[in-house]
Amino acid sequence: MSEAITAAAIEHMLREKLAPTHLEVMDESAAHAGHAGANGTGFGTHFRVRIATPIFDGKSRVARHRVVYDSLQHFIDQGLHALAIEVL
(Lines give C-alpha, C1' and ligand atoms only; values in the text may rest on other atoms or scores of the structure.)
Protein backbone atom coordinates (compact mmCIF):
# COMPACT_ATOMS: atom_id res chain seq x y z
CA MET A 1 0.00 0.00 0.00
CA SER A 2 1.37 3.42 -0.90
CA GLU A 3 1.83 6.16 1.65
CA ALA A 4 0.06 9.52 1.43
CA ILE A 5 1.92 12.16 -0.52
CA THR A 6 1.83 15.35 1.52
CA ALA A 7 3.58 18.71 1.45
CA ALA A 8 5.17 17.81 4.79
CA ALA A 9 6.55 14.52 3.43
CA ILE A 10 7.96 16.24 0.34
CA GLU A 11 9.48 18.98 2.49
CA HIS A 12 11.09 16.40 4.77
CA MET A 13 12.61 14.53 1.82
CA LEU A 14 13.98 17.71 0.22
CA ARG A 15 15.44 18.95 3.52
CA GLU A 16 17.10 15.57 4.06
CA LYS A 17 18.55 15.26 0.55
CA LEU A 18 19.26 18.86 -0.51
CA ALA A 19 19.79 20.87 2.72
CA PRO A 20 17.97 23.91 1.31
CA THR A 21 18.53 27.43 2.61
CA HIS A 22 14.95 28.25 1.61
CA LEU A 23 12.08 25.84 1.01
CA GLU A 24 8.34 26.14 0.53
CA VAL A 25 6.15 23.22 -0.54
CA MET A 26 2.52 23.85 -1.46
CA ASP A 27 -0.13 21.26 -2.33
CA GLU A 28 -2.04 22.79 -5.26
CA SER A 29 -4.05 19.63 -5.99
CA ALA A 30 -7.43 21.21 -5.21
CA ALA A 31 -6.89 23.74 -8.02
CA HIS A 32 -6.48 20.84 -10.47
CA ALA A 33 -9.68 18.92 -9.68
CA GLY A 34 -10.92 17.21 -12.81
CA HIS A 35 -7.56 17.53 -14.57
CA ALA A 36 -5.36 14.65 -15.64
CA GLY A 37 -3.64 13.03 -12.69
CA ALA A 38 -6.08 14.37 -10.09
CA ASN A 39 -7.16 11.67 -7.65
CA GLY A 40 -10.51 13.17 -6.66
CA THR A 41 -9.46 14.02 -3.11
CA GLY A 42 -8.00 17.46 -3.79
CA PHE A 43 -4.70 16.42 -2.17
CA GLY A 44 -1.45 14.69 -3.02
CA THR A 45 -1.10 14.97 -6.79
CA HIS A 46 -0.03 18.52 -7.77
CA PHE A 47 2.65 20.43 -5.85
CA ARG A 48 4.70 23.60 -6.13
CA VAL A 49 8.22 23.78 -4.65
CA ARG A 50 10.18 27.00 -4.10
CA ILE A 51 13.73 26.09 -3.22
CA ALA A 52 17.25 27.44 -2.85
CA THR A 53 20.24 25.26 -2.02
CA PRO A 54 24.00 25.50 -2.52
CA ILE A 55 23.76 22.18 -4.39
CA PHE A 56 22.39 24.20 -7.35
CA ASP A 57 25.55 26.35 -7.63
CA GLY A 58 27.03 26.09 -11.12
CA LYS A 59 24.17 23.96 -12.47
CA SER A 60 21.90 24.87 -15.37
CA ARG A 61 18.17 25.34 -14.86
CA VAL A 62 17.50 21.88 -16.30
CA ALA A 63 20.12 20.29 -14.03
CA ARG A 64 18.64 22.04 -10.97
CA HIS A 65 15.20 20.71 -11.79
CA ARG A 66 16.64 17.22 -12.34
CA VAL A 67 18.19 17.32 -8.85
CA VAL A 68 14.75 18.05 -7.37
CA TYR A 69 13.00 15.39 -9.47
CA ASP A 70 15.65 12.81 -8.57
CA SER A 71 15.25 13.65 -4.88
CA LEU A 72 11.49 13.07 -5.12
CA GLN A 73 11.51 9.94 -7.30
CA HIS A 74 9.95 7.92 -4.48
CA PHE A 75 6.89 10.18 -4.54
CA ILE A 76 6.73 10.22 -8.34
CA ASP A 77 6.63 6.42 -8.24
CA GLN A 78 3.78 6.66 -5.70
CA GLY A 79 1.60 8.91 -7.89
CA LEU A 80 2.91 12.47 -7.63
CA HIS A 81 1.53 13.74 -10.93
CA ALA A 82 2.74 17.33 -11.30
CA LEU A 83 5.55 19.31 -9.74
CA ALA A 84 6.13 23.01 -10.41
CA ILE A 85 9.66 23.97 -9.38
CA GLU A 86 10.74 27.54 -8.67
CA VAL A 87 14.47 27.82 -8.06
CA LEU A 88 15.28 30.85 -5.93
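Per residue, the accessible area of the stretch 42-88 comes to 52 Å² when a 1.4 Å probe rolls over the protein heavy atoms. Close amide-amide hydrogen proximity is noted between PHE47 and GLU28, ALA82, LEU83, ALA84, each under 5 Å apart and 5 or more residues distant or on a separate chain (H modeled in the peptide plane; Pro and chain starts excluded).
Extending 7 Å from Cα along the Cβ direction at ARG48 and again at THR21 yields two label points whose distance is 2.3 nm.
The values are calculated or read from the model by the stated rules, or taken from the named source; none is laboratory data. The shown structure was predicted, so the numbers you read here are calculated from the model rather than taken from an experiment. When we count neighbours, we look across all protein chains shown, and the Cβ atoms used for this are built from the backbone with ideal geometry, even at glycine. Ligands, DNA and RNA are stripped out before the accessible areas are found, and what is left, the full protein with its side chains, is counted by its heavy atoms. Shrake-Rupley method; radii C 1.70, N 1.55, O 1.52, S 1.80 Å.
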